[in-house]
Amino acid sequence: MELKVIQNRIYEIRGQRVMLDFDLAEMYEVETKVLKQAVKRNVNRFPRDFMFEVTKDEFKSLRSQIVTTKRGGSRYMPFAFTEQGVSMLASVLRSEIAIQVSISIIRAFVLMRQNLADYKELKNKISHLEKNMNIKFKDIYTALNFLLDKEKKEIEQKERKQIGYK
């Protein structure tokens with residue numbers, strides 16, 4: 001499975017990167033109902049930091065991120081699985097497809113983490129450069145003002161009305 005396709009199905013909810021049950025079910029080639037049943041039968045394998053149920057408000061805000069909805073009018077809110085939850089899900093579903101898809105999903109999560117770290121590093125470098133450039137430009141600005149003020153004072157000195165002997 002392509003990492004880009006997987007990355008497009010990773011959302012941020014409650015400050016965590018997660019995947020929703022209906023997207024995972026589609027990737028694992030099972031019905032969402034089957035996936036949820038497997039999770040409910042093994043609920044002790046999914047603590048709150050592995051999986052949680054999305055609230056109605058969270059799902060409404062997600063709708064803007066999910067361009068086309070693949071869901072009908074379901075009565076239940078989707079489960080959101082973190083990276084660890086996706087890994088555990090593969091062991092619960094016990095299919096070859098689930099294992100292969102989970103490996104791809106975990107690679108996508110890792111790649112996103114690396115990209116985020118690279119972004120932060122780049123942001124820090126840019127910030128550092130801005131500070132250095134501001135200091136250098138401040139020095140140049142001060143020097144230019146000094147030269148301009150010096151010239152201005154010399155002109156004022158020459159144009160000044162002389163007093164005393166000529």
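Readers should treat all values here as calculations from the given coordinates under stated rules, not as data from a laboratory. Just so it is clear, the structure is predicted and the values come from calculations on it, not from any experiment. Note that we place each Cβ from the backbone using ideal geometry, even for glycine, and neighbour counts take in every protein chain shown.
Observations, loosely collected:
- In this simple spin-label model, placing a label point 7 Å from the Cα along the Cα-to-Cβ direction at both Arg14 and Ala143 gives a separation of 5.8 nm.
- Structure remark: mean-square fluctuation, Gaussian network model of the chain, C-alpha springs under 10 Å; the largest value among Ile135, Ile103, Ile155 belongs to Ile155.
- Proxy reagent accessibility, fewest Cβ within 10 Å first, across Met51, Met77: Met77, Met51
- Using the average count of surrounding beta-carbon atoms within 10 Å as a protection proxy, the listed peptides 54-61, 16-23, 138-145, 88-95 rank, highest first, as 16-23, 88-95, 54-61, 138-145.
- When +1 charges are put on Lys and Arg Cβ atoms and -1 charges on Asp and Glu Cβ atoms, the dipole computed for segment 3-120 relative to its Cα centre reaches about 240 debye.
- Within segment 24-62: backbone nitrogen closer than 20 Å to the Arg94 label point (7 Å, Cα to C-beta): 25, 28-47
- Here each label is just a point 7 Å from Cα along the line to Cβ, and for Asp57 and Lys150 those points are 6.4 nm apart.
- Pairs exceeding a 25 Å alpha-carbon distance, out of Lys36/Lys56; Lys33/Lys56; Lys60/Lys120; Lys36/Lys120; Lys4/Lys131: Lys60/Lys120; Lys36/Lys120; Lys4/Lys131.
- Per-selection metrics, the chain (Cα): Rg and Dmax in Å: 30.7, 109
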